[in-house]
Each structure stands twice: as structure tokens, then as C-alpha cells.
């Protein structure tokens, strides 16, 4: 017979772990009636090593408890197949997370490099999954709920992109579209594809910290038109706005927006 200290030492587990296994009825050592100490026999040690084996495979305690009640080889095989699928899905999620983190790092570089400057860039293809007529059209947010899977897969801070259509008389349409980055144009895509090979591109700062909560659309519009005129660009009457990053200063949000303005 072995004490809890001896078992903990040669199996490399803590006393608390052994007590936890006992609470979950995964091991049932006898208690010495004279001194009240737990006494483990070789079958208890076998149970502990078996539990450790399944825990190393990250099998939940509840399922190990079910195993103790009896499980066929086929049942065990099914259990591990289920666990394998969970692990594969987790790996895919981690890959996506790495991609998102890389994108955020790239967005930080965009803010540092392009804030307040104007260059010519391509707006790469995006798939339109739905649209909201205006940011105040809350009844339309069911569209977002219907596209939750797409939103989770989007490798951006947000999958909502603001689209403004204008002419010489002013803004004609202001809406939001739900988008997903197109990774492979050769694959069949259900939604409309938007892309513009040549855009006037800039990054601006928005948010209450820099604007005091005021709408600055007219200032941005004037700045874009001025940059286009100075460089001889002809605007196509569209503006695409994508939120890159949001941070805080003195408790107020600082939002950095990426702007694509298609030109001829």
C-alpha cells in the first residue's frame, strides 16, 4: 500500500490532483480506519495512470467518468475521432487567428505610413454578402446576423465597409456593405465582386478624441477633392471606407479609417 505522498511523487502528480480524481470518483483509495490516511494499492495506481493518459489527450473529466462505466473499443475509437475533429478545428482557428494578427500588424504599419498622405493603390477584390442602407437602419441588422459565419471568417477588424456615392451636387447614397475578402478569384463566388485597380488612397483619423464627436465627412470630402484636383485625377463618384484600427486616448476612441476613392 502507498500513501498519497508516495503516489504523488513517483507518478509526478500533485496531491490536489489526486484529491480531485477522488472527488470525481475516478480513483477510490481506501482510508485507514486508525489514522484516516488514504492508502493506494496497485489497482488505484493503474486507475490514476489511465486517467492521466486520457487527460494527456485532453479528454474531458466527464467523458473519462463515462469510460469508467464501460466503453467498447468502438466507443473509445469514436471518442478519439471526435477529439481529433475538435483538435483539427482548433488548429484551423489558430491559423485564422495568426492571419488576423498579421493583418492587424499590417494595419498598424498602414496607419504609420499613410496617415494624412495620398497615394495611388488598388482596392483588391471583395465579395458583397449584404448591405445596410444606413448605419441608423437598425432593422437591417438582421442581415448581419444572417452572415455571422462570414463575419467570423473576415480577416479584418470589421467586415462592414461604408460606401458613399456622390456627384457635383453632393452625396447621393450612403450605405454599409457586408464584405468578405476574396482569396481566390478562380473559385465560384455567390455575391457581387467589387474591385478597383486605381484608387486615391489615404488613412484618416476619426473618433471622439480627434473630432470631439463632430461629423467630419465634409472635411474629408473637401480634402479628397483637393488632392484629386492638385494631381489631375478624375473621381468616379465613389468612396469606400474601411475601419483599420480603434484605440483609446483619455477614455475617448481613436479610429483610423482606410479610404479608397476610385479614379479614372
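Only one of the listed values, [x] 75, 49, 40; [y] 95, 46, 34; [z] 52, 45, 37, was derived from the coordinates as Cα extents along the principal axes in Å; which label is it? So the structure-derived entry is [y].
Helix 217-231 and the long axis of the chain differ in direction by around 60°, with both axes built from C-alpha atoms. Distance between the modelled labels on residue 58 and residue 112, one decimal in nanometres: 3.3 nm (7 Å Cα→Cβ projection).
Each of 128, 179, 27 was scored by other Cβ atoms within 10 Å of its Cβ. Arranged with the fewest first, they read 128, 27, 179. Does the range 187-264 come out rounded, prolate or oblate by the C-alpha gyration tensor, with a ≥ b ≥ c the root eigenvalues, rounded set by a/c under 1.5 and, if not, prolate when a/b is larger than b/c and oblate if not? Taking the square roots of the gyration eigenvalues as a ≥ b ≥ c, the range 187-264 is oblate. Cβ-Cβ distance of residue 65 and residue 91, R₀ of 45 Å, FRET efficiency by 1/(1 + (r/R0)^6): the value works out to about 0.95. Considering only 75, 12, 170, the Gaussian network model of the chain with Cα springs below 10 Å gives its largest mean-square fluctuation to 12. For the chain, a Gaussian network of Cα nodes joined below 10 Å ranks 113, 214, 19 by mean-square fluctuation, and the top entry is 19.
Contact order for the chain, expressed relative to its length and based on alpha carbon pairs under 8 Å spaced 6+ residues apart, stands at 17 percent.
None of the figures in this text is laboratory data; all of them are computed from the coordinates on show. Note that the structure is a prediction, hence the values are computed from the model and not measured. As a convention, Cβ positions derive from the backbone with ideal geometry for all residues, glycine included, and neighbour counts pool all protein chains shown.
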